[in-house]
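The values are calculated or read from the model by the stated rules, or taken from the named source; none is laboratory data. Because the structure is predicted, anything quoted here is derived from the model rather than measured. Heads up, the Cβs are rebuilt from the backbone with ideal geometry, glycines too, and the neighbour counts pull from every protein chain shown. Accessible surface areas use protein heavy atoms only, side chains included; no ligands, DNA or RNA. Shrake-Rupley method; radii C 1.70, N 1.55, O 1.52, S 1.80 Å.
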Amino acid sequence: MKKLLILGAGTAGTMMANKLRKKLTRDEWDITIVDQYKTHYYQPGFLFIPFGMYSAQDVIKPKSDFFPIGVNVIYSKIEKIVPAENQVQLAEGVVLNYDYLIIATGTRTAPEETPGLKDKLWYKEIFDFYTIEGAVALNNFFKTWQGGELVVNIAELPYKCPVAPLEFVFFADAFFTERGLRDKVNITYVTPLPGAFTKPRATKMLGELLKSKNINIIPDFNVAEVNNDEKKIVDYAGKEVKFDCLVSVPTNMGDEMIERSNMGDDMNFVPTDKHTLQARDYKNIFVIGDAANLPTSKAGSVAHFASEILEENLMCAIEGRPYTASFDGHANCYIETGYGKGTLIDFNYDTEPLAGSFPFPGVGPFGLLKVTRTNHYGKLIFRWLYWHILLKGKEMPIDSEMQMAGKKL
Amino acid sequence: MSTKSLAGVNVDVNEEGYLTDASQWTKEVALAIASEEGIELTDQHFEVIDYIRNKVAGGEALTIRGINKSGVVDAKTFYQLFPGAPLKKATKIAGVPKPVSCI
């Protein structure tokens, strides 16, 4: 019996278990998936919790709902990978062997990386919204907050779902306007990037949107410390921004297990071939989702598009054929802009987000780099697609390879 | 791309003034670019520049975090040495491509 082992049962790992159980015959291949937690979070939903649009219950389901029949599931901490011996050590001395290994252990927030961030104001006046605990704590804080300086700060690149903090400030603008508090809430977006986003056209469009909503932007700010006593963030150049409520996107790092295995870069992401998805240093190890060091967004859509590439290339490896699939870094992000509207960007390693219609050229129904009501519904409908189609590894009506049709240069 | 005369030699640069061929870099070229940026290079600057050139030659990405952990300088000193936008300025002076952030 040959063994395929998947580490991590989040979005990427669960999709791969579903896809590969269909592909690999059960009399030849044993598939095992390992994760230390039993709860699956619909992470795109975290953004909606601070504003009371979703509750915690809306984003939680048991992981076990999404595993196919015929896959061994182990809930355990992973001690480390020993690639030289094709072995994974779990807690309490349990050892798993593998013929092929898929690493899908994702990324985590690491607030401890910024001095003063996780200090006496943590979850009192300083919050994150990338964890269920942070999103719920912020929701409780906003219920009675009377206003002041609301500062949203991105600690460091790369971070998961690069558009989420922008959506957060758009939602905050609408939320405090609807509560009649907007004139008392000054919103400031503080980012290490030179503008609202990385690529020129999206940066221009999103920058203008920030301006039209009266949201300040402070670019090129690399936070060095959070001063809890004077309630300010300070960057390496000595620039200071005062806050009454700080919403931080903390440093993102790969799983600590990657560090214990000595397989990561300085942020514990695994060096990975950006086209084949094979680990740079190991022939029988593949990496998918946020755990990889790919130069594209850390996002569920990227993991989804990559899953189709990985499925094909893993079969090539198993059957001893040259790789036939090549990942293009495709990402597709619905961006909530508040007041029941949203925008959409679609891009890859080489092509920046462009205007146009999606997914059907000239027809849409979604508009790229445009603010429309339909885009907002696209995002809401996505939660259903996520639970029922995407995680189960079923086909989605979007190509894994980015398409130029329908886009304007 | 165009050609520019720096410290008496012709080098190839892109539209932002970054060298397009790292092998054309010399200490004299570095001094000339630095003076255009208003920076007078010291030995400590050159230690950072050497670190950057080695990293880039090895195909590794440059980050503030990486520099902070490099043992050459900490992030605060790096900002003092190359004020404003340290990674952009230091790479320009080191004759390597401007770091891209890809998200």
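Under the Karplus relation 6.51 cos²θ - 1.76 cosθ + 1.60, θ = phi - 60°, what is the ordered set of whole-Hz ³J(HN,Hα) values for segment A:318-329, x standing for Gly and Pro?
4, 8, x, 9, x, 4, 10, 10, 9, 6, 9, x
For peptide A:190-199, compute the average count of partner chain beta-carbon atoms within 10 Å of each residue's beta-carbon.
Counting Cβ atoms of other protein chains within 10 Å of each residue's Cβ and averaging gives 2.
Could you work out the relative contact order of segment B:2-94, using alpha carbon pairs under 8 angstrom and six or more residues apart, expressed as a whole percent?
25
Whole number please: convex hull volume per residue of the Cα set in segment B:2-94, in Å³?
91
What is the distance in Å between the Cα centres of segment A:190-210 and segment A:161-179?
15
Please list, in order along segment A:237-246, the HN-Hα scalar couplings obtained from phi with the Karplus expression 6.51 cos²θ - 1.76 cosθ + 1.60 (θ = phi - 60°), rounded to whole Hz, x for Gly and Pro.
So the J values, rounded to whole Hz, are 8, x, 5, 10, 10, 7, 9, 9, 9, 10.
Summing -39500 (n - 2.57) over the DSSP H runs of n ≥ 4 in chain A and dividing by its residue number, what mean residue ellipticity at 222 nm do you reach, to the nearest 500 deg cm²/dmol?
-7000 deg cm²/dmol
In Å² (nearest 100), what accessible area is buried between A and B, both sides summed, heavy protein atoms only, 1.4 Å probe?
Roughly 1500 Å² of accessible surface disappears when A and B pair.
Report, in whole Å, the centroid distance computed from the Cα atoms of segment B:34-71 and segment A:7-42.
First find each Cα centre; the distance between them is then 43 Å.
On a C-alpha basis, how far is the centre of segment A:331-409 from the centre of segment B:1-20 in Å? Whole number, if you could?
Segment A:331-409 and segment B:1-20 have Cα centres spaced 41 Å from each other.
Expressed in nm to one decimal, what extension gain is obtained for the pair A:LYS61 and A:LYS239 from 0.36 nm per residue of sequence separation less their Cα-Cα distance?
Extra length from A:LYS61 to A:LYS239 when fully extended: 59.8 nm.
For segment A:219-250, list whatever residues lose no less than 20 Å² of accessible surface once every protein chain is in place, relative to that chain by itself, with the probe at 1.4 Å.
Listed by number, the residues meeting the 20 Å² cut-off are A:ASP220, A:ASN222, A:TYR236, A:ALA237.
Check A:GLU79: other-chain or 5+ apart residues with amide H under 5 Å from its amide H, H built from backbone geometry?
Excluding prolines and chain starts, which carry no amide H, the hits are A:GLN89, A:LEU90, A:ALA91.
Treating the angle as unsigned and between 0 and 90°, give the value, to the nearest 10°, between the Cα long axis of helix A:132-144 and the longest Cα principal axis of chain A.
20
Which Cα, out of A:PRO200, A:THR177, A:LEU166, lies furthest along the positive dipole direction of segment A:96-221 (beta carbon charges, K/R +1, D/E -1)?
A:THR177
Dividing the convex hull volume of the Cα atoms of segment A:185-290 by its residue count, what figure in Å³ per residue is obtained?
In segment A:185-290, the Cα convex hull volume per residue is 149 Å³.
Express in % the proportion of alpha carbon pairs of segment A:331-408 at distances exceeding 18 Å.
When all Cα pairs of segment A:331-408 are counted, 40 percent exceed 18 Å.
For chain A, take the longest principal axis of its alpha carbons; what is the angle in degrees between that and the long axis of helix A:164-178, to the nearest 10 within 0 to 90?
Helix A:164-178 and the main axis of chain A meet at about 40 degrees.
Which of A:LYS19/A:LYS298; A:LYS2/A:LYS38; A:LYS232/B:LYS69; A:LYS19/A:LYS274; A:LYS239/B:LYS55 have a Cα-Cα distance over 23 Å?
Going by Cα-Cα distance, A:LYS2/A:LYS38; A:LYS232/B:LYS69; A:LYS239/B:LYS55 fall outside the 23 Å limit.
Segment A:255-290: which trypsin sites (Lys or Arg not before Pro) are DSSP loop and have at most 11 other beta-carbon atoms within 10 angstrom?
Sites meeting the loop and neighbour criteria: A:LYS283.
List the trypsin sites (Lys or Arg not before Pro) within segment A:1-46 that fall in a DSSP loop (any state other than H, G, I, E or B) and whose Cβ has at most 15 other Cβ atoms within 10 Å.
Filter output for segment A:1-46: A:ARG26, A:LYS38.
Near A:SER64, within a Cβ-to-Cβ distance under 12 Å, what is the net charge of the other residues, with Lys and Arg +1 and Asp and Glu -1?
Value of the local net charge: +1.
Could you look at segment A:1-71 and say what percent of its accessible area is carbon and sulfur, using a 1.4 Å probe and all protein chains?
Carbon plus sulfur share of accessible area: 49 percent.
Would you mind getting the accessible area per residue of segment A:331-408, heavy atoms of the protein chains only, 1.4 Å probe, in Å²?
45
So which GluC sites (Glu not before Pro) in segment A:214-278 pass both tests, a DSSP loop state and at most 15 other Cβ atoms within 10 Å of the Cβ?
Hits after loop and neighbour filter: A:GLU230.
With only alpha-carbon atoms in the gyration tensor, what are the semi-axes of the equivalent ellipsoid for chain A, in Å, largest first?
The three semi-axes for chain A are 36, 25, 19 Å.
Which percentage, to the nearest 5, of the DSSP beta bridges contained in segment A:111-251 is antiparallel?
Antiparallel: roughly 30 percent of the beta bridges in segment A:111-251.
Using only the alpha-carbon atoms of segment A:228-357, report the extent along each of the three principal axes, biggest first, to the nearest angstrom.
So the three principal-axis extents are 61, 45, 24 Å.
Quick one: work out the % antiparallel among DSSP beta bridges in chain A, nearest 5.
Restricted to chain A, the bridges split so that about 50 percent are antiparallel.
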